[in-house]
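The values are calculated or read from the model by the stated rules, or taken from the named source; none is laboratory data. For clarity, every value in this text was computed on a predicted model and none was experimentally measured. Every residue, glycine as well, gets a Cβ built from its backbone with ideal geometry; the counts of neighbours run over all protein chains shown.
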Amino acid sequence: MTDQAPAPFTGKSRVLSGVQPTGDLHLGNYLGALVKFARLQHEMETFIFVADLHALTEWTDPKKLKSNVREITAAYLATGLDPKVATIFAQSAVPEHAELAWIFNCVARLGWLDRMTQFKDKAGKHKERSSVGLYTYPVLQAADILVYKATHVPVGEDQRQHLELTRDIAQKFNHDFEAPGFFPLPEALTQGPGARIMSLRDGAVKMSKSDPSDNSRINLTDDADAISQKIRKAKTDAELLPEKLDDLAGRPEAQNLVGVYAALAGRTAQDVLTEFAGQGFGKLKPQLADLAVSVMGPIGGEMRRLLADPVEIDKILGAGAERAREVAAPTLAEVKRIVGYWAG
């Protein structure tokens, strides 16, 4: 369908991910994503963005959006992302994301989006009141990934379906426009241990920034006293800790605290049980509190320092956007040529 055959993707491994700027980040975000971003930057070319386009799929206070973008960026930096190694940027500063998303809206099919369970969960019983953006945001996610021809994407189980949609869009684009291999089919990087951290008040519910109880989570900006108090007040049960993991079945709060301890210490949950077997939470909680303060306390301090200098954060985001566009712009230009847009 084009005068010149598109070149298939032959690039190196590249990872892409992002976090929405919709509120305070917490321990679950740190263990499930941020600490892994810092590791991945040394394993492959890394693009990490603040997903402010996605933030508009639900009402977002315009007065808070820019400060939230800076806070997420501060969290990236405080948890180990190096702007000299990884490309860190705000999504809205790279217009190629949105432009490619429109083209992908014309490639994706309604039936594909109708199957997306995340929309059903977020929209609830009144989907007609939801924004069109909420319905189509998996297509924007596909554009986020493919505009950089990313080969790997860190995902949790709740996002795996969207990555499959990305692969479907890439395959259909490559097929429909006779561009075999132009877009790679990105692979999932499962988040592994520590990816699913539960509420400190209810072990059956995932830790969330939307939980009305601040005691349900450890925020990245919490100071040492707040971290310690939240751990000590965390919900537990009256039973002693067992020797084997299988014996934690049916004890969600115990499973959660053991898992948090293991993730923060870089150990396995079985290692933690071996140490505390036969003991109660009166023994585990103080040690977990000290561990959490030693790991999380410096992160909060560094975030506060960074946020006190928004000019420096903005410089990092500006430089990151320039680097991101150096990759995204040629991809979009080639896509425009492939689909037959008038180039002037």
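Among residues of the stretch 63-80 that are under 11 Å from I316 (Cα atoms), those with a beta-carbon under 7 Å from a residue that is of a type in the set (V, I, T) at least six positions away or on a different chain give the pairs R70/I313; T73/V50; T73/I88; T73/I313; T73/I316; A74/I313. Report yes if some residue within the stretch 192-202 is acidic (D, E) and over 22 Å from G300 (Cα atoms); otherwise report no. Looking for residues that are acidic (D, E) and over 22 Å from G300 (Cα atoms), one finds at least one in the stretch 192-202, hence yes. The set of residues in the stretch 323-341 being surrounded by 13 or more Cβ atoms within 10 Å (Cβ to Cβ) and of a type in the set (D, E, K, R) consists of R323, R325, E334, K336, R337. Within the stretch 80-89, the residues that satisfy the criterion of being of a type outside the set (K, R) and part of a loop (DSSP other than H, G, I, E, B) are G80, L81, D82, P83, V85, A86. Taking (1) surrounded by fewer than 23 Cβ atoms within 10 Å (Cβ to Cβ); (2) under 16 Å from the mean Cα position of the chain (by Cα); (3) of a type outside the set (D, E); (4) not in a helix (DSSP H, G or I) in turn, L77 satisfies each apart from (4). Once the stretch 90-131 is narrowed to residues that are of a type in the set (S, T, Y) and part of a helix (DSSP H, G or I), the residue that is modelled with the lowest pLDDT is T117.
Can you name the number of the only condition in (1) more than 28 Å from the chain's Cα centre (by Cα); (2) more than 24 Å from D225 (Cβ to Cβ); (3) not acidic (D, E) that A254 fails? Condition (1) is where A254 drops out.
So which of E253, E275 ends up being of a type in the set (D, E), part of a helix (DSSP H, G or I) and within 22 Å of G32 (Cα to Cα)? Lay out the reasoning, then the answer.
Values: E275 fails: within 22 Å of G32 (Cα to Cα).
When all the criteria are applied, what remains is E253.
Scanning the stretch 64-119 for residues that are closer than 26 Å to L25 by Cβ and of a type in the set (S, T, N, Q) returns S67, N68, T73, T79, T87, Q91, S92, T117, Q118. In this structure, G297 qualifies as closer than 30 Å to P21 by Cβ and outside the structural domain of T73 (by TED's automatic domain parsing).
Yes/no matrix, rows are residues, columns are (1) in contact (Cβ under 8 Å) with a residue 12 or more places away in the chain; (2) assigned to a helix (DSSP H, G or I); (3) more than 19 Å from A33 (Cβ to Cβ):
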| site | (1), (2), (3) |
| --- | --- |
| R196 | yes, no, no |
| D202 | yes, no, yes |
| D211 | yes, no, no |
| A226 | no, yes, yes |
| K230 | yes, yes, yes |
| T236 | yes, no, yes |
| L241 | yes, no, yes |
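Give the residues of the stretch 165-184 that are crowded, with 16+ Cβ neighbours inside 10 Å and free of Cβ contacts under 8 Å to residues at least 24 places away in the same chain, sorted by residue number. R167, N174 - these are the residues of the stretch 165-184 that are crowded, with 16+ Cβ neighbours inside 10 Å and free of Cβ contacts under 8 Å to residues at least 24 places away in the same chain.
The set of residues from the stretch 40-67 being more than 15 Å from the chain's Cα centre (by Cα) and either among the acidic types (D, E) or outside any loop (DSSP other than H, G, I, E, B) (or both) comprises E43, E45, E58, D61, P62, K63, K64, L65, K66, S67. Within the stretch 102-117, is even one residue more than 20 Å from A51 (Cβ to Cβ), surrounded by 14 or more Cβ atoms within 10 Å (Cβ to Cβ) and of a type in the set (A, V, I, L, M, F, W, C)? The answer is yes, given that some residue of the stretch 102-117 is more than 20 Å from A51 (Cβ to Cβ), surrounded by 14 or more Cβ atoms within 10 Å (Cβ to Cβ) and of a type in the set (A, V, I, L, M, F, W, C).
Can we say L306 is of a type outside the set (S, T, N, Q), in a helix (DSSP H, G or I), under 30 Å from K66 (Cβ atoms) and touching a residue at least 40 places away in the same chain (Cβ under 8 Å)? When the stated conditions are applied, L306 passes them.
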